[in-house]
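Inspection log for the structure reproduced underneath, given as C-alpha coordinates.
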Amino acid sequence: MNRRFIKEYFNFSKRERNGLIVLFTILALIIISRLIILNISTSNSKNFADFENEIDVFISYRTPELENGERFNFDPNTATKEDFMRMGLCNRTINSIITFREKGWKFYKPEDLEKVYEITPEEYEAIKDYIIIESDSKRNSNNYYKNSKKGELNLFEFDPNTITKEELLEMGLKTWQADNLIKYREKGGVFKTSNDLSKVHGLDKELIQKLIPYIIISTEINTTSNGKNFDTILNLNTATEIELQKLQGIGPYYAKRIVEYRTILGGFLNVDQLLEVYGMTEELYQQIKDNFIISTENIKKININTAEYMDLVTHPYINKENAKNILNYRNFAGTIKSPEDLLKQKAVDRDFYNKILPYICTE
(Lines give C-alpha, C1' and ligand atoms only; values in the text may rest on other atoms or scores of the structure.)
Protein backbone atom coordinates (compact mmCIF):
# COMPACT_ATOMS: atom_id res chain seq x y z
CA MET A 1 0.00 0.00 0.00
CA ASN A 2 2.76 2.41 0.98
CA ARG A 3 4.92 1.55 -2.00
CA ARG A 4 2.03 2.00 -4.29
CA PHE A 5 1.24 5.34 -2.77
CA ILE A 6 4.82 6.51 -3.11
CA LYS A 7 5.15 5.19 -6.58
CA GLU A 8 1.90 6.76 -7.62
CA TYR A 9 2.63 10.23 -6.27
CA PHE A 10 6.45 10.51 -6.22
CA ASN A 11 7.46 8.69 -9.35
CA PHE A 12 8.50 11.38 -11.87
CA SER A 13 9.34 11.15 -15.46
CA LYS A 14 12.62 12.48 -16.80
CA ARG A 15 10.86 15.56 -18.10
CA GLU A 16 9.22 16.21 -14.73
CA ARG A 17 12.50 15.77 -12.90
CA ASN A 18 14.15 18.32 -15.21
CA GLY A 19 11.30 20.70 -14.54
CA LEU A 20 11.72 20.34 -10.79
CA ILE A 21 15.44 20.96 -11.06
CA VAL A 22 14.79 24.16 -12.98
CA LEU A 23 12.13 25.20 -10.48
CA PHE A 24 14.41 24.63 -7.47
CA THR A 25 17.20 26.47 -9.22
CA ILE A 26 14.93 29.48 -9.78
CA LEU A 27 13.80 29.39 -6.14
CA ALA A 28 17.42 29.24 -4.97
CA LEU A 29 18.31 32.19 -7.16
CA ILE A 30 15.37 34.17 -5.80
CA ILE A 31 16.36 33.43 -2.19
CA ILE A 32 20.01 34.33 -2.82
CA SER A 33 19.02 37.52 -4.65
CA ARG A 34 16.76 38.46 -1.77
CA LEU A 35 19.58 38.02 0.73
CA ILE A 36 21.94 40.10 -1.40
CA ILE A 37 19.37 42.90 -1.74
CA LEU A 38 18.76 42.91 2.01
CA ASN A 39 22.52 43.17 2.67
CA ILE A 40 22.86 46.04 0.19
CA SER A 41 19.89 47.84 1.76
CA THR A 42 21.40 47.45 5.21
CA SER A 43 24.75 48.74 3.96
CA ASN A 44 23.09 51.70 2.26
CA SER A 45 21.18 52.55 5.42
CA LYS A 46 24.40 52.65 7.37
CA ASN A 47 26.08 54.92 4.84
CA PHE A 48 23.07 57.22 4.84
CA ALA A 49 23.30 57.53 8.61
CA ASP A 50 26.93 58.51 8.26
CA PHE A 51 25.92 61.12 5.71
CA GLU A 52 23.30 62.49 8.09
CA ASN A 53 25.97 62.83 10.75
CA GLU A 54 28.09 64.83 8.33
CA ILE A 55 25.11 67.10 7.64
CA ASP A 56 24.62 67.64 11.38
CA VAL A 57 28.29 68.57 11.77
CA PHE A 58 28.06 71.01 8.86
CA ILE A 59 24.92 72.64 10.25
CA SER A 60 26.50 73.04 13.68
CA TYR A 61 29.61 74.46 11.97
CA ARG A 62 27.64 77.02 9.97
CA THR A 63 24.74 77.91 12.28
CA PRO A 64 25.34 80.35 15.15
CA GLU A 65 23.79 79.85 18.57
CA LEU A 66 23.36 83.53 19.35
CA GLU A 67 20.32 83.10 21.59
CA ASN A 68 22.24 80.87 23.99
CA GLY A 69 25.50 82.82 23.75
CA GLU A 70 26.97 84.82 26.61
CA ARG A 71 27.40 88.59 26.37
CA PHE A 72 30.52 90.29 27.72
CA ASN A 73 32.92 93.05 26.68
CA PHE A 74 35.73 91.87 24.41
CA ASP A 75 38.49 93.12 22.13
CA PRO A 76 38.34 91.32 18.75
CA ASN A 77 42.11 91.78 18.44
CA THR A 78 42.81 89.64 21.50
CA ALA A 79 39.68 87.51 22.16
CA THR A 80 40.32 83.76 22.01
CA LYS A 81 38.46 81.16 19.97
CA GLU A 82 36.81 80.00 23.19
CA ASP A 83 35.58 83.56 23.84
CA PHE A 84 33.89 83.70 20.44
CA MET A 85 32.35 80.27 21.00
CA ARG A 86 30.90 81.44 24.32
CA MET A 87 29.26 84.33 22.44
CA GLY A 88 27.48 81.83 20.18
CA LEU A 89 29.26 82.61 16.90
CA CYS A 90 29.42 79.75 14.40
CA ASN A 91 32.74 77.98 13.83
CA ARG A 92 33.02 79.27 10.29
CA THR A 93 32.83 82.88 11.46
CA ILE A 94 35.27 82.24 14.30
CA ASN A 95 37.82 80.67 11.97
CA SER A 96 37.45 83.63 9.61
CA ILE A 97 38.17 86.10 12.43
CA ILE A 98 41.22 84.13 13.57
CA THR A 99 42.52 83.94 9.97
CA PHE A 100 41.97 87.69 9.61
CA ARG A 101 44.22 88.30 12.64
CA GLU A 102 46.82 85.70 11.69
CA LYS A 103 47.43 87.54 8.42
CA GLY A 104 48.50 90.59 10.40
CA TRP A 105 45.33 92.66 10.12
CA LYS A 106 43.84 94.55 13.07
CA PHE A 107 40.43 95.79 14.08
CA TYR A 108 40.72 99.53 14.68
CA LYS A 109 37.04 100.24 15.36
CA PRO A 110 33.99 98.07 16.07
CA GLU A 111 32.67 98.45 12.51
CA ASP A 112 35.78 96.71 11.17
CA LEU A 113 34.39 93.40 12.45
CA GLU A 114 31.68 93.63 9.77
CA LYS A 115 34.40 93.21 7.17
CA VAL A 116 35.16 89.65 8.22
CA TYR A 117 34.16 87.57 5.21
CA GLU A 118 31.96 85.00 6.99
CA ILE A 119 30.30 87.07 9.71
CA THR A 120 26.55 87.50 9.24
CA PRO A 121 24.57 90.69 9.98
CA GLU A 122 22.78 88.81 12.77
CA GLU A 123 26.05 87.85 14.44
CA TYR A 124 27.44 91.39 14.24
CA GLU A 125 24.24 92.95 15.59
CA ALA A 126 24.27 90.51 18.53
CA ILE A 127 27.81 91.40 19.69
CA LYS A 128 28.55 94.92 18.38
CA ASP A 129 27.59 96.69 21.62
CA TYR A 130 30.16 94.66 23.55
CA ILE A 131 33.18 95.47 21.37
CA ILE A 132 35.86 97.47 23.19
CA ILE A 133 39.06 98.00 21.22
CA GLU A 134 41.95 99.01 23.43
CA SER A 135 44.89 101.11 22.29
CA ASP A 136 48.22 99.31 22.30
CA SER A 137 49.50 101.48 25.15
CA LYS A 138 46.53 100.59 27.32
CA ARG A 139 46.75 96.94 26.30
CA ASN A 140 50.39 96.83 27.33
CA SER A 141 49.66 98.49 30.63
CA ASN A 142 46.89 95.99 31.26
CA ASN A 143 49.48 93.23 31.21
CA TYR A 144 50.43 94.57 34.62
CA TYR A 145 46.86 95.08 35.73
CA LYS A 146 45.05 91.97 34.54
CA ASN A 147 43.53 91.38 37.93
CA SER A 148 42.72 95.01 38.68
CA LYS A 149 39.40 95.60 40.44
CA LYS A 150 36.85 98.26 39.67
CA GLY A 151 38.14 101.69 40.70
CA GLU A 152 41.81 100.81 40.39
CA LEU A 153 44.08 102.69 38.01
CA ASN A 154 45.33 101.38 34.66
CA LEU A 155 48.46 103.47 34.40
CA PHE A 156 50.68 104.07 31.38
CA GLU A 157 53.29 106.69 30.47
CA PHE A 158 51.83 110.13 29.68
CA ASP A 159 52.65 113.81 29.37
CA PRO A 160 50.25 115.93 31.46
CA ASN A 161 50.72 118.78 28.96
CA THR A 162 49.28 116.78 26.06
CA ILE A 163 47.20 113.93 27.47
CA THR A 164 43.53 114.01 26.48
CA LYS A 165 40.47 113.70 28.66
CA GLU A 166 39.71 110.30 27.11
CA GLU A 167 43.17 109.01 28.06
CA LEU A 168 42.81 110.32 31.61
CA LEU A 169 39.51 108.46 31.91
CA GLU A 170 41.19 105.31 30.55
CA MET A 171 43.72 105.59 33.35
CA GLY A 172 40.90 105.45 35.83
CA LEU A 173 40.64 109.11 36.87
CA LYS A 174 37.18 110.38 37.66
CA THR A 175 35.49 112.63 35.12
CA TRP A 176 35.72 115.73 37.28
CA GLN A 177 39.43 115.10 37.94
CA ALA A 178 40.12 114.83 34.20
CA ASP A 179 38.08 118.00 33.58
CA ASN A 180 40.04 119.90 36.21
CA LEU A 181 43.38 118.96 34.65
CA ILE A 182 42.19 120.00 31.18
CA LYS A 183 40.80 123.29 32.54
CA TYR A 184 44.13 123.98 34.26
CA ARG A 185 45.87 123.74 30.87
CA GLU A 186 43.21 125.79 29.07
CA LYS A 187 43.78 128.63 31.54
CA GLY A 188 47.45 128.69 30.59
CA GLY A 189 48.82 126.27 33.14
CA VAL A 190 51.91 124.29 32.10
CA PHE A 191 53.34 121.26 33.87
CA LYS A 192 57.12 121.80 34.11
CA THR A 193 57.71 119.09 36.70
CA SER A 194 55.76 116.08 37.94
CA ASN A 195 55.02 117.84 41.21
CA ASP A 196 53.07 120.53 39.34
CA LEU A 197 50.16 118.07 39.33
CA SER A 198 49.47 119.26 42.88
CA LYS A 199 48.28 122.56 41.35
CA VAL A 200 45.25 120.77 39.87
CA HIS A 201 42.27 120.93 42.17
CA GLY A 202 41.01 117.48 43.16
CA LEU A 203 44.22 115.51 42.66
CA ASP A 204 45.15 114.35 46.15
CA LYS A 205 48.69 113.44 47.24
CA GLU A 206 48.05 109.70 47.15
CA LEU A 207 46.83 109.84 43.54
CA ILE A 208 49.71 112.10 42.47
CA GLN A 209 52.26 109.71 43.98
CA LYS A 210 50.77 106.89 41.91
CA LEU A 211 50.90 109.00 38.72
CA ILE A 212 54.42 110.46 39.10
CA PRO A 213 56.38 107.32 37.98
CA TYR A 214 54.48 107.38 34.67
CA ILE A 215 54.91 111.09 33.88
CA ILE A 216 57.15 112.06 30.95
CA ILE A 217 57.20 115.81 30.33
CA SER A 218 58.30 116.92 26.87
CA THR A 219 60.57 119.96 26.58
CA GLU A 220 59.30 120.75 23.06
CA ILE A 221 55.73 121.88 23.75
CA ASN A 222 54.65 125.01 21.89
CA THR A 223 51.46 126.54 23.28
CA THR A 224 50.10 130.01 23.83
CA SER A 225 48.88 131.20 27.18
CA ASN A 226 45.35 130.03 26.33
CA GLY A 227 46.45 126.51 25.49
CA LYS A 228 46.08 126.78 21.70
CA ASN A 229 48.68 125.45 19.25
CA PHE A 230 50.96 127.85 17.42
CA ASP A 231 54.12 127.77 15.31
CA THR A 232 53.74 124.02 14.80
CA ILE A 233 52.95 122.99 11.24
CA LEU A 234 53.10 119.28 10.44
CA ASN A 235 52.72 117.25 7.27
CA LEU A 236 49.78 115.01 8.12
CA ASN A 237 51.10 112.23 5.89
CA THR A 238 54.61 112.09 7.32
CA ALA A 239 54.34 113.28 10.94
CA THR A 240 55.46 110.75 13.54
CA GLU A 241 53.62 109.96 16.76
CA ILE A 242 56.15 112.01 18.71
CA GLU A 243 55.69 115.01 16.39
CA LEU A 244 51.90 114.78 16.62
CA GLN A 245 52.12 114.90 20.41
CA LYS A 246 53.61 118.40 20.16
CA LEU A 247 50.09 119.64 19.41
CA GLN A 248 47.94 120.62 22.35
CA GLY A 249 45.26 117.97 22.84
CA ILE A 250 47.15 115.18 21.07
CA GLY A 251 48.55 112.62 23.48
CA PRO A 252 49.93 109.12 22.84
CA TYR A 253 46.42 107.73 22.37
CA TYR A 254 45.34 110.08 19.58
CA ALA A 255 48.80 110.16 17.99
CA LYS A 256 48.78 106.39 17.65
CA ARG A 257 45.21 106.36 16.32
CA ILE A 258 46.06 108.96 13.65
CA VAL A 259 49.15 107.08 12.46
CA GLU A 260 47.32 103.74 12.43
CA TYR A 261 44.41 105.18 10.44
CA ARG A 262 46.82 106.87 8.01
CA THR A 263 48.50 103.50 7.43
CA ILE A 264 45.35 101.51 6.63
CA LEU A 265 43.90 104.42 4.63
CA GLY A 266 46.98 104.75 2.46
CA GLY A 267 47.47 108.42 3.35
CA PHE A 268 45.31 111.49 3.91
CA LEU A 269 43.95 113.47 0.96
CA ASN A 270 42.58 116.28 3.10
CA VAL A 271 42.59 117.33 6.73
CA ASP A 272 38.86 116.65 7.06
CA GLN A 273 39.63 112.93 7.04
CA LEU A 274 40.93 113.33 10.60
CA LEU A 275 37.27 113.23 11.64
CA GLU A 276 37.24 109.59 10.48
CA VAL A 277 39.87 108.65 13.08
CA TYR A 278 38.22 106.55 15.75
CA GLY A 279 37.57 108.67 18.84
CA MET A 280 38.27 112.04 17.19
CA THR A 281 35.96 114.75 18.49
CA GLU A 282 34.76 117.81 16.59
CA GLU A 283 36.23 120.01 19.32
CA LEU A 284 39.71 118.51 19.04
CA TYR A 285 39.55 118.56 15.25
CA GLN A 286 38.79 122.28 15.22
CA GLN A 287 41.69 122.84 17.60
CA ILE A 288 44.33 121.07 15.49
CA LYS A 289 43.16 121.27 11.86
CA ASP A 290 45.09 124.46 11.04
CA ASN A 291 48.37 122.87 12.14
CA PHE A 292 48.52 120.49 9.19
CA ILE A 293 49.54 120.58 5.57
CA ILE A 294 48.96 117.72 3.13
CA SER A 295 51.32 116.18 0.58
CA THR A 296 49.65 113.50 -1.52
CA GLU A 297 52.48 112.32 -3.76
CA ASN A 298 53.08 109.18 -1.67
CA ILE A 299 49.48 107.98 -1.34
CA LYS A 300 49.53 104.18 -1.16
CA LYS A 301 47.21 102.54 -3.69
CA ILE A 302 45.70 99.06 -3.85
CA ASN A 303 46.20 97.14 -7.09
CA ILE A 304 42.72 95.76 -7.72
CA ASN A 305 44.10 93.24 -10.22
CA THR A 306 46.23 91.47 -7.63
CA ALA A 307 44.62 92.32 -4.28
CA GLU A 308 43.06 89.56 -2.20
CA TYR A 309 39.82 89.91 -0.28
CA MET A 310 41.53 90.94 2.94
CA ASP A 311 43.72 93.50 1.15
CA LEU A 312 40.54 95.19 -0.03
CA VAL A 313 38.30 94.84 2.98
CA THR A 314 40.82 96.25 5.46
CA HIS A 315 40.69 99.63 3.72
CA PRO A 316 38.35 101.92 5.69
CA TYR A 317 36.28 102.78 2.61
CA ILE A 318 35.75 99.22 1.33
CA ASN A 319 33.18 97.02 3.03
CA LYS A 320 32.86 93.31 2.34
CA GLU A 321 30.12 93.78 -0.27
CA ASN A 322 32.29 96.25 -2.20
CA ALA A 323 35.24 93.83 -1.96
CA LYS A 324 33.17 90.89 -3.25
CA ASN A 325 31.82 92.99 -6.14
CA ILE A 326 35.32 94.01 -7.19
CA LEU A 327 36.63 90.44 -7.00
CA ASN A 328 33.59 89.04 -8.83
CA TYR A 329 34.03 91.53 -11.66
CA ARG A 330 37.76 90.76 -11.84
CA ASN A 331 37.02 87.03 -12.07
CA PHE A 332 34.54 87.76 -14.86
CA ALA A 333 36.72 90.18 -16.82
CA GLY A 334 40.04 88.44 -16.18
CA THR A 335 41.88 91.76 -15.95
CA ILE A 336 40.53 95.17 -14.97
CA LYS A 337 42.01 97.57 -17.50
CA SER A 338 41.00 100.74 -15.68
CA PRO A 339 39.32 101.57 -12.36
CA GLU A 340 36.62 103.22 -14.42
CA ASP A 341 35.60 99.76 -15.68
CA LEU A 342 34.14 99.08 -12.23
CA LEU A 343 31.77 102.00 -12.69
CA LYS A 344 30.95 101.33 -16.33
CA GLN A 345 30.05 97.71 -15.62
CA LYS A 346 28.08 98.73 -12.51
CA ALA A 347 30.27 96.68 -10.18
CA VAL A 348 30.25 99.72 -7.83
CA ASP A 349 28.11 102.83 -7.52
CA ARG A 350 29.19 106.40 -8.28
CA ASP A 351 29.57 107.56 -4.65
CA PHE A 352 31.80 104.65 -3.72
CA TYR A 353 33.83 105.01 -6.91
CA ASN A 354 34.54 108.71 -6.29
CA LYS A 355 35.57 108.00 -2.71
CA ILE A 356 37.88 105.07 -3.41
CA LEU A 357 39.37 106.17 -6.76
CA PRO A 358 42.44 107.93 -5.25
CA TYR A 359 43.31 104.71 -3.40
CA ILE A 360 43.10 102.11 -6.20
CA CYS A 361 45.05 101.31 -9.36
CA THR A 362 45.21 98.54 -11.95
CA GLU A 363 48.98 98.07 -12.26
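Quickly run through the range 248-268 and pick out the residues that are over 19 Å from Phe158 (Cβ atoms) and either surrounded by fewer than 16 Cβ atoms within 10 Å (Cβ to Cβ) or touching a strand residue (DSSP E or B) at 6+ places or on another chain (Cβ under 8 Å) (or both). The answer is Thr263, Ile264, Gly266.
Just so you know, in the range 161-183 the residues that are at pLDDT below 85 and among the hydroxyl-bearing types (Ser, Thr, Tyr) include one that is nearest to Tyr253 (Cα to Cα), and it is Thr164.
Just so you know, in the range 153-183 the residues that are in contact with a strand residue (DSSP E or B) (Cβ under 9 Å, 6 or more places away or on another chain) and touching a residue at least 60 places away in the same chain (Cβ under 8 Å) include one that is surrounded by the fewest Cβ atoms within 10 Å (Cβ to Cβ), and it is Glu157.
Taking the conditions (1) part of a loop (DSSP other than H, G, I, E, B); (2) in contact (Cβ under 8 Å) with a residue 24 or more places away in the chain; (3) not small (Gly, Ala, Ser) in turn, Thr306 satisfies each one other than (2).
At pLDDT below 85 and under 19 Å from Thr78 (Cα atoms), is that true of Lys187?
No: the conditions fail for Lys187.
Scanning the range 278-314 for residues that are of a type in the set (A, V, I, L, M) and in contact with a Cys (Cβ under 9 Å, 6 or more places away or on another chain) yields a total of 2. So which residues in the range 269-298 are outside any helix (DSSP H, G or I) and closer than 30 Å to Glu118 by Cα? Correct list: Val277, Tyr278, Gly279, Met280.
Within the range 289-314, the set of residues being exposed (fewer than 12 other Cβ atoms within 10 Å of the Cβ) and more than 30 Å from Gln245 (Cβ to Cβ) comprises Thr306, Glu308.
Quick check: anything in the range 334-341 in a helix (DSSP H, G or I) and at pLDDT 90 or above? Yes: the range 334-341 contains one or more residues that are in a helix (DSSP H, G or I) and at pLDDT 90 or above. Is it the case that some residue within the range 308-324 is of a type in the set (Gly, Ala, Ser) and either in the same structural domain as Lys106 (by TED's automatic domain parsing) or over 16 Å from Leu113 (Cα atoms) (or both)? No, the range 308-324 contains no residue that is of a type in the set (Gly, Ala, Ser) and either in the same structural domain as Lys106 (by TED's automatic domain parsing) or over 16 Å from Leu113 (Cα atoms) (or both). Annotation: of all residues in the range 338-352 being more than 16 Å from Gly266 (Cβ to Cβ) and surrounded by 14 or more Cβ atoms within 10 Å (Cβ to Cβ), the one that is farthest from the chain's Cα centre (by Cα) is Asp341.
Which residues, counting only those in the range 309-326, are of a type outside the set (Phe, Trp, Tyr) and in a loop (DSSP other than H, G, I, E, B)? Those that are of a type outside the set (Phe, Trp, Tyr) and in a loop (DSSP other than H, G, I, E, B): Thr314, His315, Pro316, Ile318, Asn319.
Within the range 342-363, if we keep just the residues that are part of a helix (DSSP H, G or I) and either modelled with pLDDT under 90 or of a type in the set (A, V, I, L, M) (or both), the residue that is nearest to Val116 (Cα to Cα) turns out to be Ile356. Taken over the range 306-363, the criterion of being of a type in the set (Phe, Trp, Tyr) and farther than 20 Å from Tyr261 by Cα is satisfied by Tyr329, Phe332, Tyr353. Picking from residues in the range 276-288 that are in contact with a helix residue (DSSP H, G or I) (Cβ under 8 Å, 6 or more places away or on another chain) and touching a residue at least 40 places away in the same chain (Cβ under 8 Å), the one that is surrounded by the fewest Cβ atoms within 10 Å (Cβ to Cβ) is Glu276. Here Gln273, Gln245 are screened, and the one residue that is at pLDDT 80 or above and crowded, with 20+ Cβ neighbours inside 10 Å is Gln245. Could you tell me whether Pro76 is modelled with pLDDT under 80 and within 26 Å of Asn319 (Cβ to Cβ)? Criteria not met by Pro76.
The values are calculated or read from the model by the stated rules, or taken from the named source; none is laboratory data. In this text, all values refer to a predicted model and were calculated from it rather than measured experimentally. Every residue, glycine among them, receives a Cβ derived from its backbone with ideal geometry; neighbour counts consider all protein chains shown.
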